[in-house]
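A quick write-up on the structure given underneath.
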Amino acid sequence: MFMYDYQYHCPRSIAQAVALASDYPEGKFLAGGQTLIQTMKLRMAAPTDLIDLGFVPELKGIAADAHRVTIGATTQHAQVSRAPDIRQHIPALAHLASEIGDRQVRNRGTLGGSVANSDPAADYPAAVLGLGATIHTSERAIPADDFFVALYETALAPNELLTRIEFPVPRRAGYVKFKSPASGFALVGVFVADFGDAVRVAVTGAGPMVFRIPEAEEALRDHFAADTIDAGSCLVREDELNSDIQASAAYRAHLIPVLVRRAVEQALQRQP
Ligand SMILES: Cc1cc2nc3c(=O)[nH]c(=O)nc-3n(C[C@H](O)[C@H](O)[C@H](O)COP(=O)(O)OP(=O)(O)OC[C@H]3O[C@@H](n4cnc5c(N)ncnc54)[C@H](O)[C@@H]3O)c2cc1C
């Protein structure tokens, strides 16, 4: 089966990429192509134009200090998993990136592509929400709590370009996922971050989009230990969870407190 025809564009700056997106409203940004090219091959997407972000230097790179880690949109998962700055400041984020898909996916797929795509089973959204990151775009800065809107839907406007993501450095954090053996995607994945005065718990894979669990966050803020968490501190409505060929909603609901506990244990082990 062949893809529909499209025009290929190769901008060299953010301004050029955004201008092309406005000239071709039925076009799409192309990052690692790990999702977009497949959907085009399956004829589930038929953009008139592909705007390749791979030659825009402003979208690449990693910067870090003791307070924040900033990662450019086209930084590949493999680069995030190996970056010494990320391993030092937010090891749970490097670990999360190392668990995405397989080697080929990690070498091509990008942070910006994954977060803009907002697959309900993707890993990065858990870190973005769990760390309370800020998503920078060609237009504005969007807090993580306002970014994920619905299934495959974010706050990004159609031609808005995600440029970089700024992650605050927590005191300690952990990420654990129960993965689909076929793809590596999360059946359920949990990111826990302890900032001292606040704890954030974000769950991916379980529902139509990533979400937080306020009861678990409050319990962990008072006492950051795995045995703080029981089913009562992870109140989620089973009828709002995904149920599919891989796992029922009840199974996913059962996994959530189990994985919150494991993520807390991982955070405690990683504590400097
Ligand atoms: C076999 C396989 C296994 C996988 N396993 C996992 C897994 O375990 N965990 C996981 O999280 N993911 C997994 N993925 C998905 C992978 O992480 C992809 O990299 C990711 O979904 C899309 O990133 P990309 O850079 O390839 O984006 P693309 O496919 O190029 O783009 C995806 C979408 O985002 C838009 N877009 C891209 N960049 C930007 C930007 N900067 N601003 C605005 N819009 C943008 C595109 O227009 C497109 O609509 C897997 C993929 C495959 C093929």
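Each value in this text was obtained by applying a stated rule to the coordinates, not by laboratory testing. Keep in mind that what you see is a predicted model, and the values were worked out from it rather than measured. Please note: Cβ atoms are built from the backbone with ideal geometry, for glycine as well, and neighbour counts cover all protein chains shown.
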What is the distance in Å between the Cα centroid of region 193-248 and that of region 136-154? 21
In whole Hz, what ³J(HN,Hα) sequence does region 175-185 give by Karplus (6.51, -1.76, 1.60; θ = phi - 60°), x for Gly and Pro? 9, 10, 10, 9, 9, 5, x, 6, 10, x, 4
Which of the trypsin sites (Lys or Arg not before Pro) across region 14-64 are loop residues per DSSP, with 16 or fewer other Cβ within 10 Å? 43
Could you pull out every residue, at least 5 positions away or on a different chain, whose amide H is within less than 5 Å of the one on residue 210? Hs are placed 1.01 Å off N in the peptide plane, and Pro or chain starts have none. none
Full extension between residue 5 and residue 246 adds, at 0.36 nm per residue less the Cα distance, a length in nm of 83.3 nm
Quick one: which residues, 5 or more positions from residue 172 or on another chain, have an amide H under 5 Å from its amide H? H modelled 1.01 Å from N in the peptide plane, none for Pro or chain starts. 194
Quickly work out the residue 141-to-residue 171 label distance, labels modelled 7 Å from Cα along the C-beta direction, and quote it in nm with one decimal. 2.4
Summing -39500 (n - 2.57) over every DSSP H run of at least 4 in the chain, dividing by its residue total and rounding to the nearest 500, the 222 nm mean residue ellipticity is -9000 deg cm²/dmol
So if a site counts as exposed when it's one of the chymotrypsin sites (Phe, Trp or Tyr not before Pro), its DSSP state isn't H, G, I, E or B, and it has at most 10 other Cβ atoms within 10 Å, what's the longest stretch of the chain without one? 5-272
Calc'd 3J(HN,Hα), region 260-269, phi into Karplus 6.51 cos²θ - 1.76 cosθ + 1.60 (θ = phi - 60°), Hz, glycine/Pro = x, comes to 4, 4, 5, 5, 5, 4, 4, 4, 5, 5
Going residue by residue through region 128-139, the Karplus relation 6.51 cos²θ - 1.76 cosθ + 1.60 with θ = phi - 60° gives ³J(HN,Hα) values, rounded to whole Hz and with x marking Gly or Pro, of 4, 6, x, 9, x, 6, 10, 9, 9, 10, 5, 10
Calculate the FRET efficiency for residue 218 and residue 45 from the Cβ-Cβ distance with a Förster distance of 41 Å, rounded to the nearest 0.05. 0.50
What residues qualify as long-range amide H neighbours of residue 68, i.e. H under 5 Å apart, gap of 5 or more or another chain, H built at 1.01 Å from N? 169
